[in-house]
Amino acid sequence: MASFQGLQFELKLETPFLSNSLINSTLRESSFTGMESDSWELHGQMGLHLSHSVLSILEKPLITGSKLKRQEHTFTMDIMGCKDQQEVGLSSKPFRWIGEPQTLLINGRGQFNCSLSAHFSNTSTNACTLRGDEQCAPQILRVLPNRTYRLRIASITTLASLNLAVGNHKMVVVEADGNYVQPFEVEDMDIYSGESYSVLLITNQDQSKNYWISVGVRGRKPQTPQALTLLNYSPTSQSKLPILPPPITPTWNDYDHSKSFSNKIFAPMGSSKPPKNSDRQIILLNTQNYIDGYIKWAINNISLLLPSTPYLGSIKYSLKSAFDSKNPPENFANDYDVMKPPINPNSSNGNGVYMLGLNSTVDVILQNANALAVNVSEIHPWHLHGHNFWVLGYGEGKFSANKDEKKFNLRNPPLRNTVVIFPFGWTALRFVADNPGVWAFHCHIEPHLHMGMGVVFAQGVEHVNDIPDQALACGLTGKRFMKNTKQN
Ligand SMILES: O=C1O[C@H]([C@@H](O)CO)C(O)=C1O
């Protein structure tokens, strides 16, 4: 495990932009709590609010080194209420999509309605300039010339996939999701919701100038302006605007560009390798569907609807009626055409659990497909709780075990906890189910999770001794049940 896992605590910096969704997500997440793993994960943001996209550029870790406890349950937030509204829209007939973000925030700063805020704050006629209204002024990264900086970057967006570039500078990617990677140089980098990276930035450019860092949207037709941060070379004044324009994000649908970035990520020499073979292969087809006319996402034709009783208690205490006891499907119909909208778009809700053998090696093939509309297939960053996995490869079209397994990278696959599936493609990953508990595996795009795009894995729940009271506080494991079990 890499020694720099504390960056995610910096998410707290973004809390003014969170909504009451966090309270919901706290309850929701608690149903997944298992034993602590030593890989601290970036999933407090499961409940981040929906109307803005947020990117943190973290210059310094708050905590480094040691084993960290997952902290996402401890946030308390101000209440803004927008997520509830959005959830209502997503669960309505007719469906109301959340829409693209109005702005992107970098460390809480975005340029939205700047002239309006200037008017109210009465500080400047153009609040988007560096001397304008504080809220609208970009974050300033002040650097010394000829140094090497490590930027810790975490995307906690709700929807947007992002691309980041620093004007006139290259970056060297050295870490992804808390694991070192073989360093590689890039002009710009993609970062999907739930992912985190460290990049090295060498300040070797003209020190009498400042430079823009820009972030733009990928994979969805952009209706969101690029977000800007200023790279300020000391002792140059912060108010000196860069001569060069902000770097322009690659075209939103240039997927080859994104694939080329993902395909450069490898584990460094000496990292742990995946087991040579897996004990089980689970193929998960991602489709957009209807249930009673409501738009949903489904996995192997089941749209995840979480039960009211948290899984950990219901599995540990064998409460068989608490969730679907049937095993969810491990594959989909052979003749399903992933390049076309579903012939039968109807699906159903479910909450069954993939029961994994403790310490077994599991391969998951995430198979993307055409959504409901013709010629539409979207990016989905999938995030696994409680584990890292090795990314064995990506491919186009429908996964073919015979052909594609031969191409799996077992030599130096990167270890991650979030991985993207590209439109009309598949992504293969392998993990060892060695962390007793119940774990969500889901698309990190919050509205997609709300619409059912996730599955649940469980393993070794009998080894989870101290289930937190909060995880036993509702449904069939509510108060009365607890009282009885404690008495027995
Ligand atoms: O889940 C989604 O719903 C909309 C669209 O497919 C239906 O309006 C969209 O862009 C999504 O990503």
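A quick yes/no check of all residues on (1) within 16 Å of residue 278 (Cβ to Cβ); (2) more than 15 Å from the ligand (Cβ to nearest atom); (3) of a type in the set (Phe, Trp, Tyr); (4) outside any strand (DSSP E or B):
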| residue | (1), (2), (3), (4) |
| --- | --- |
| 362 | yes, yes, no, no |
| 370 | no, no, no, yes |
| 374 | no, no, no, yes |
| 377 | no, no, no, yes |
| 395 | no, yes, no, no |
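Which residue is modelled with the lowest pLDDT, if the candidates are limited to the range 423-445 and must be within 16 Å of the ligand (Cβ to nearest atom) and over 26 Å from residue 315 (Cα atoms)?
Result: 445.
Could you please let me know if residue 358 is surrounded by fewer than 19 Cβ atoms within 10 Å (Cβ to Cβ) and in contact with a Pro (Cβ under 8 Å, 6 or more places away or on another chain)?
Yes.
Hey, can you tell me all the residues within the range 332-355 that are surrounded by 15 or more Cβ atoms within 10 Å (Cβ to Cβ) and in a loop (DSSP other than H, G, I, E, B)?
Answer for the range 332-355, where residues must be surrounded by 15 or more Cβ atoms within 10 Å (Cβ to Cβ) and in a loop (DSSP other than H, G, I, E, B): 332, 336, 338, 341, 342, 345, 347, 351, 352, 353.
Please find, among 211, 192, 180, 233, the residue that is among the aromatic types (Phe, Trp, Tyr), within 16 Å of the ligand (Cβ to nearest atom) and either within 28 Å of residue 413 (Cβ to Cβ) or modelled with pLDDT of 95 or more (or both).
192
Condition test on residue 218, is it under 30 Å from residue 456 (Cβ atoms), touching a residue at least 60 places away in the same chain (Cβ under 8 Å) and more than 16 Å from the ligand (Cβ to nearest atom)?
Considered against the rule, which asks whether it is under 30 Å from residue 456 (Cβ atoms), touching a residue at least 60 places away in the same chain (Cβ under 8 Å) and more than 16 Å from the ligand (Cβ to nearest atom), residue 218 comes out as no.
Quick one: would you say residue 315 is more than 16 Å from the ligand (Cβ to nearest atom), among the β-branched types (Val, Ile, Thr) and assigned to a loop (DSSP other than H, G, I, E, B)?
Considered against the rule, which asks whether it is more than 16 Å from the ligand (Cβ to nearest atom), among the β-branched types (Val, Ile, Thr) and assigned to a loop (DSSP other than H, G, I, E, B), residue 315 comes out as no.
Can you work out which of the residues in the range 88-113 that are under 24 Å from residue 228 (Cα atoms) and within 12 Å of the ligand (Cβ to nearest atom) is surrounded by the most Cβ atoms within 10 Å (Cβ to Cβ)?
Taking the candidates together, the pick is 98.
Does the range 291-307 hold any residues that are away from the ligand (no atom under 11 Å from the Cβ) and either more than 20 Å from residue 353 (Cβ to Cβ) or in a strand (DSSP E or B) (or both), and which are they?
Passing the criteria: 291, 292, 293, 294, 298, 299, 302, 303, 304.
Out of the residues in the range 228-260 that are among the charged types (D, E, K, R) and within 17 Å of residue 191 (Cβ to Cβ), state the one that is surrounded by the fewest Cβ atoms within 10 Å (Cβ to Cβ).
254
Here's the yes/no breakdown for (1) of a type in the set (Lys, Arg); (2) under 19 Å from residue 262 (Cα atoms); (3) without any contact (Cβ under 8 Å) to a residue 40 or more places away in the chain:
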residue	(1), (2), (3)
408	no, yes, yes
423	no, yes, no
426	no, yes, no
432	no, no, no
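If you go through the range 375-404, how many residues are surrounded by 17 or more Cβ atoms within 10 Å (Cβ to Cβ) and out of contact with any Cys (no Cβ under 9 Å at 6 or more places or on another chain)?
18
With (1) surrounded by 16 or more Cβ atoms within 10 Å (Cβ to Cβ); (2) of a type in the set (D, E, K, R); (3) modelled with pLDDT under 90 as the list, and residue 78 as the residue in question, which single condition is left unmet?
Unmet condition: (1).
The values are calculated or read from the model by the stated rules, or taken from the named source; none is laboratory data. Predicted model only: the values in this text are computed from it and were never measured. Methodologically, a virtual Cβ is constructed for each residue, glycine included, from the backbone with ideal geometry; neighbour enumeration extends over all protein chains shown.
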